[in-house]
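Enquirer: Could you have a look at this structure, given as structure tokens, before my questions?
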Amino acid sequence: MTAENPGTDESGGTTAGGIAVDASPAPFALDSAHAALVVIDMQRDFIEPGGFGSSLGNDVALLAGIVPDVAALLALARGAGWFVVHTRESHAPDLSDCPPAKRLRGAPSLRVGDPGPMGRILVRGEPGNAIVDAVAPAPGELVVDKPGKGAFYATALDDALRARGIRQLVFAGVTTEVCVQTSMREANDRGYECLLVEDATASYFPAFKQATLEMIRSQGGIVGWTAPLAALRAAMRDAN
Ligand code: TIU
């Protein structure tokens, strides 16, 4: 085991007790009994035309492309009995949790709280704020409404994970360099080992997605690990 990467031993294999996932920058020692899946912001507001993402001038089609991969990852996690968390970037209808610095930023076609074709932009309970049907939460799964980009800021997520003894988080969702990366960094600082599933995350900017994957796993995994869904599936299959 090296100080830089507690998930590997000197031969590059996994530590005892973990399932070796072929990840970067080194194998990820998955402790399935203490792992949870965190799916970030797979909402109509980001993935469908007419929501927050398109109001910012983005082409949302790239995000829609990962929906089948996220659905497959959800099926894998549910099959393994993992605790599953879904987040939604959202604000109270009175916008009391939306700082002016967020609402007034830039020159979007619609601002947070404005009426759009899917209801008020990024407001809790509006049609556009819902998670898309194909990756909708199942009964018993935790849905976290978060006013910020990070899943831990102003939420009870950390308490919910600690109460269940969760120590590892597998991440998916959108967008890679904004809410996914922010949440991973928050989780890393709180002591969770984090694995980002490469094909189950997307950005409006492919170069930003690639850069984010590289920065997460740089310096021996400064923020965490990344792996394709197939690698996670293969490791979990081999363990059974
Ligand atoms: N704009 C952008 O890329 N993302 C966000 O505003 N929120 C999330 O990433 N969910």
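Values quoted throughout were computed directly from the atomic coordinates according to the rules given, and no laboratory measurement underlies them. This structure is a prediction, so every number in the text was calculated from the model and none was measured. Ideal geometry is used to build each Cβ from the backbone, glycine not excepted, and the neighbour counts take in all protein chains shown.
Enquirer: Limited to region 188-212, what total is found for residues that are under 20 Å from Gly65 (Cα atoms) and in contact (Cβ under 8 Å) with a residue 60 or more places away in the chain?
Expert: Matching residues across region 188-212 total 8.
Enquirer: For Ala151, only one of the following conditions fails: (1) part of a helix (DSSP H, G or I); (2) crowded, with 23+ Cβ neighbours inside 10 Å. What is its number?
Expert: For Ala151, the failing item is (1).
The rows are residues; the columns are (1) part of a helix (DSSP H, G or I); (2) closer than 20 Å to Gln168 by Cα.
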| site | (1), (2) |
| --- | --- |
| Pro49 | no, no |
| Asn58 | no, no |
| Ala75 | yes, yes |
| Asp97 | no, no |
| Pro108 | no, no |
| Gly128 | yes, no |
| Val144 | no, yes |
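Enquirer: Please tell me if Gly116 is of a type outside the set (Lys, Arg), farther than 28 Å from Ala35 by Cβ and either touching a residue at least 24 places away in the same chain (Cβ under 8 Å) or surrounded by 13 or more Cβ atoms within 10 Å (Cβ to Cβ) (or both).
Expert: Yes: the conditions hold for Gly116.
Enquirer: Check whether at least one residue in region 96-105 is away from the ligand (no atom under 16 Å from the Cβ), of a type in the set (S, T, N, Q) and more than 25 Å from His34 (Cα to Cα), and report yes or no.
Expert: Yes: region 96-105 contains one or more residues that are away from the ligand (no atom under 16 Å from the Cβ), of a type in the set (S, T, N, Q) and more than 25 Å from His34 (Cα to Cα).
Enquirer: Looking at Leu30, Leu56, Leu73, Leu37, which one is touching a residue at least 24 places away in the same chain (Cβ under 8 Å), within 13 Å of the ligand (Cβ to nearest atom) and not β-branched (Val, Ile, Thr)?
Expert: Leu56
Enquirer: Listed residues Thr176, Thr182; which is buried (at least 24 other Cβ atoms within 10 Å of the Cβ), in contact (Cβ under 8 Å) with a residue 24 or more places away in the chain and touching a Lys or Arg at 6+ places or on another chain (Cβ under 6 Å)?
Expert: Thr176
Enquirer: Still on this structure, please answer the following. In region 177-192, which residues are within 16 Å of the ligand (Cβ to nearest atom) and among the hydroxyl-bearing types (Ser, Thr, Tyr)?
Expert: Matches in region 177-192: Thr182, Ser183.
Enquirer: Going by what's in this entry, would Phe83 be described as among the hydrophobic types (A, V, I, L, M, F, W, C), within 13 Å of the ligand (Cβ to nearest atom) and closer than 24 Å to Glu186 by Cβ?
Expert: When the stated conditions are applied, Phe83 does not pass them.
Enquirer: Residue by residue through region 153-176, note down the ones that are within 16 Å of the ligand (Cβ to nearest atom), closer than 21 Å to Val197 by Cβ and not hydrophobic (A, V, I, L, M, F, W, C).
Expert: Gly173, Thr175, Thr176, listed by residue number.
Enquirer: Here is a follow-up. Just to be sure, is Leu195 away from the ligand (no atom under 16 Å from the Cβ) and part of a helix (DSSP H, G or I)?
Expert: In short, no.
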